[in-house]
Amino acid sequence: MFRNYVKTAYRNLLRHKGFSFINIAGLALGITACLLIGLFVYDELQYDKFLPEGEQVYRVYNDKSAKEAGEMVAPVPPTFATTLEQDFPEVEQAVRILMQQFDANNLVEAGERRIYEKGRFFVDPGFFDIFQLSFVYGSPDKALADPSSIVISDEFSQRVFGDINPVGKQVSVNKQPYIVRGVFSTEERFHLPVNFIHSMETAELPAERMKSWNWQQFYTYVKLKDGGNPQFLQSKFREIVAKQRNPDTNEPYDYKPVLQPLDEVYLHSASFKHDQAIRGNITYVKALSIIAVFILLIACFNFVNLATAKSMQRAKEVGVRKSIGASRGQLVMQFLGETLLLTLISVIFSAALTSLLLPSLNAFTGKEMSFNVFTNPELLLLLLGLTLVVGLLAGFYPALVLSGFQPVKVLKSAVVVDSKVGRIQWLRHGLIVVQFALSIFLIICAFIVYQQVSYLHNKDLGFDREQIMFFQMRGEHMFDNYETFKNELRNVPGIKNVSIGYGFPGDATAGDGIIVPRNGERVHHGVTHLMVDYDYINTLNVQVVAGRPFSKAHRTDADHAFMINETAVRELGYGSPEQALGQTLRWNVWNNADKDTLKEGKIIGVVKDFHFKSLYDKVDPTVLQIFPGANWKVAVKVDAQHIAGAIEQVEKVWNKFAPDYPIEYIFMDENFEKMYKAEDKLKTLLWIFTGIAIFVACLGLLGLAAYAAERRKKEIGIRKVLGADNSAIVALLSKEFLALIVVSALIAFPLAWYAMRTWLQDFAYRIDMPVWAFLLAGIAAAAVALITISYQALKAAMANPVRNLRFD
């Protein structure tokens with residue numbers, strides 16, 4: 001009997017070639033989209049899962065609660081780790097990682113090799129106890145026992161030493177020599193971008209600083225003992241932190257420590273501030289998962305629609321089979337068998353398409369996902385399971401409908417008049433509405449994401465980021481003679497201006513406090529510090545709204561002057577930019593020799609707010625000051641017409657001051673473009689999968705339009721004989737479907753509005769949702785549907801009416 005089912009299914013697929021093609025194509029595309037998205041989502045969910053005992057590890061971050069809104073801050077003070085380890089018996093171990101620019105380049109030299117490497121970490125000795133990375137060479141035991149040690153990744157080792165065992169060999173980092181004590185295996189799904197590791201002692205941090213409860217410069221992880229309760233620990237630790245809070249502070253927010261499970265760090269930290277770890281975005285993972293389900297549902301709905309539509313043509317077949325003794329259960333099995341065969345063919349095609357498209361997806365996402373059913377039996381089982389699930393979901397209802405026809409009625413009449421037909425029509429209409437509601441929803445989301453991403457890239461940031469060459473200073477000679485270096489750069493033809501400092505837009509900034517004398521008291525405020533020089537304002541073309549910029553003509557500017565931004569004017573309580581001028585500020589100078597050194601000065605100018613961070617973040621209250629001790633980066637404003645020649649001359653000046661270091665530069669606008677890579681990828685993926693969803697929906701609509709034209713061919717023939725033209729016939733067949741599109745739009749609009757409103761809340765600066773996006777999405781869906789229907793409608797309208805009326 002099974003053989004008979006297969007043979008019958010095969011013959012029916014061949015007999016109805018158009019029906020079979022539309023279903024196979026729709027299902028294959030839907031399943032391919034699901035497989036590709038599923039591979040991506042699975043890979044995202046695997047981060048940090050490889051670490052032994054990872055379920056006992058938590059990251060400690062700060063919830064910066066404010067009256068208006070809170071934000072999550074990844075780095076915490078150094079005392080968090082020592083307090084947790086010493087005062088809480090449920091904590092087995094705590095480890096700190098010094099907050100550095102993990103993506104900053106460090107000059108690495110070994111023998112003849114000289115390259116720049118990223119991912120430099122300064123860690124506590126227990127790093128490898130919490131993060132149990134496997135070692136290729138050496139051992140984690142005492143690998144970081146002294147400041148001269150370095151532990152490197154196997155990829156780092158391959159680039160620098162080749163295939164040899166480097167343990168015991170010397171490597172220089174930024175001209176400082178270290179001995180390699182171990183080589184660990186690089187893990188692709190590790191949220192920390194670690195490449196080479198030093199002991200915390202190597203950083204030579206001041207002992208007093210390491211006792212601070214306010215210096216938030218460390219990523220901190222704790223490992224709990226078996227049975228340790230993280231919620232109870234968090235509650236007790238918060239009480240201790242609250243007692244250590246500076247009583248003089250007047251900040252409108254409070255810091256509360258939070259324990260974050262290790263397996264949530266990668267996907268649930270997208271909005272964290274000052275987090276330099278590798279991060280995904282759980283919102284985007286969920287969104288792509290929903291899109292995958294949408295596309296698969298649309299493909300399944302296509303099958304249900306077409307199968308129930310085709311049921312009219314197979315009614316007599318059912319009647320004959322029942323009249324010769326076939327039971328309803330046997331008919332259900334037969335029709336389910338046809339569906340499963342069709343689904344199996346679709347899955348085979350989708351597996352081939354997935355293998356073909358996966359390399360492009362890997363290149364786009366930067367991942368190394370694999371899809372090979374021959375080497376991975378789990379994938380084979382997944383595909384078989386997918387065949388059964390999709391086949392049963394798509395085929396169960398049509399099988400019930402087809403097997404339920406009464407033989408007397410369907411054999412007596414050429415047209416099925418069973419009362420179930422009306423319900424079938426409502427089902428088909430309902431499924432069309434759902435399909436196009438999902439499609440319109442995706443179109444609206446694609447439009448709004450496109451608009452927001454364009455806004456991110458094109459918004460006026462309050463400064464000029466174009467043609468600014470940006471690079472890090474290197475070598476003692478350059479640091480000691482930065483003024484001479486700067487003057488020589490300014491003399492290069494094609495160079496408009498040069499600034500040296502710490503805190504350029506798109507780069508690292510300093511978070512620290514400022515003291516505001518008020519009514520005889522010292523009121524502390526948290527602000528962002530930009531350490532600038534006299535040319536910072538002119539180089540970036542930042543607008544001064546009150547007062548003046550720093551000037552060498554005023555000798556006191558270097559040691560006794562500050563500038564602030566408009567947000568600082570409001571938050572420090574000055575009322576207006578003009579009222580802020582002449583007010584006194586004090587700052588605890590970064591001075592290892594004397595930590596109590598205060599810099600006191602007057603506010604000489606107020607700058608218009610400018611975005612030195614991404615548009616995810618609100619503009620912070622900001623203080624600008626001249627502080628050469630923090631000089632770190634160089635910004636060179638280049639004439640757009642002389643870029644190539646200017647770059648060449650800049651390199652010559654560089655080689656004069658830092659001949660032992662290769663120059664590495666980036667243009668500032670490129671730095672900002674990199675901030676929104678995730679949004680750019682989301683935009684592209686959304687357009688691709690929206691296109692697939694619409695195409696799959698239109699395949700089903702094409703089949704239904706063909707069926708509607710076939711079912712009404714006699715009516716069309718009569719209308720043609722009575723004088724109806726082709727446009728009237730097209731309108732007749734189209735209006736029913738277009739009415740369904742209108743209903744779909746009315747359902748999709750509020751859902752899309754809610755989804756996009758929620759997504760846009762992640763951005764401090766965002767677009768207003770455009771009404772035209774909703775209207776255009778509805779019009780686009782209607783236009784695509786009309787084009788799809790019109791093809792079949794025109795075909796029916798242009799057919800010979802005599803032939804339609806003569807033959808059944």
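Nothing in this text is a laboratory measurement; each read-out follows from the coordinates by a stated rule. Since the model is a prediction, treat every value here as computed from it, not as a measurement. Neighbour counts run over all protein chains shown; Cβ positions are idealised from the backbone, glycine included.
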Please list 3J(HN,Hα) in residue order for segment 140-146, calculated via the Karplus relation 6.51 cos²θ - 1.76 cosθ + 1.60 where θ = phi - 60°; whole Hz, with x for glycine and proline. x, 5, 6, 5, 10, 6, 9
Quick query: amide H of Thr186 versus all other amide H atoms, modeled in the peptide plane; which residues come in under 5 Å with a sequence gap of 5 or more or a different chain? Asp154, Glu155
Whole-Hz couplings from phi, Karplus 6.51/-1.76/1.60, listed for segment 740-748; x for Gly and Pro: 5, 5, 4, 4, 4, 5, 5, 6, 6
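Using packing as a proxy for protection, rank 469-482, 284-297 so that the peptide with the highest average count of other Cβ atoms within 10 Å comes first. Don't jump to the answer; show the numbers that get you there.
Values: 469-482: 16.5, 284-297: 19.5.
Those peptides, ordered most packed to least, come out 284-297, 469-482.
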Taking segment 191-241 on its own, what percent of its Cα-Cα pair distances exceed 12 Å? 78 percent
Quick one: which residues, 5+ away or cross-chain, put their amide H under 5 Å from the amide H of Gln467? H built at 1.01 Å from N. Asp669
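Work out, in µm²/s and without decimals, the Stokes-Einstein translational diffusion coefficient of segment 54-265 at 37 °C, 0.692 mPa s, Rh from Kirkwood over C-alpha pairs. Mind dumping the intermediate values first?
Numbers: Rh = 18.4 Å.
The Stokes-Einstein estimate is 179 µm²/s.
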Based on the mean of other beta carbon atoms within 10 Å per residue, what is the order of 520-533, 166-179, most packed first? 520-533, 166-179
Over the alpha carbons of segment 452-538, what is the largest minus smallest coordinate on each principal axis, giving the biggest first in Å? 52, 43, 22
Please give, to one decimal in nm, the separation of the simple spin-label points placed at Met369 and Asp154, each 7 Å out from Cα toward the Cβ. 2.4 nm
Over all alpha-carbon pairs of segment 57-156, lay out the pair-distance distribution in 10 Å bins, whole %, shortest bin first. 12, 34, 33, 15, 5, 1
Simple spin-label model, 7 Å along Cα-to-Cβ: Lys735 to Ala145 in nm? 9.0 nm
Among Ile515, Asn631, Phe504, which residue has its Cα positioned farthest towards the positive end of the charge dipole of segment 468-675, with +1 placed on the Cβ of Lys and Arg, -1 on the Cβ of Asp and Glu, and the dipole taken about the Cα centre? Ile515
Taking the Cα of Ser551, stepping 7 Å toward and past its beta carbon, and measuring to each backbone N in segment 600-628: which are under 13 Å? 604-605
Mind pulling up the Rg/Rh value for segment 468-675? Radius of gyration and Kirkwood radius, both on Cα. 0.98
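For an R0 of 56 angstrom, estimate the FRET efficiency from the Cβ-Cβ distance between Tyr754 and Leu722 and round to the nearest 0.05.
Approximately 0.70, to the nearest 0.05.
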Rounded to the nearest whole number, the per residue volume of the convex hull around the C-alpha atoms of segment 440-489 in Å³ is 114 Å³
In Hz, Karplus ³J(HN,Hα) per residue of segment 256-267 (6.51, -1.76, 1.60; θ = phi - 60°; x = Gly, Pro): 10, x, 10, 9, 9, x, 4, 6, 9, 4, 5, 8
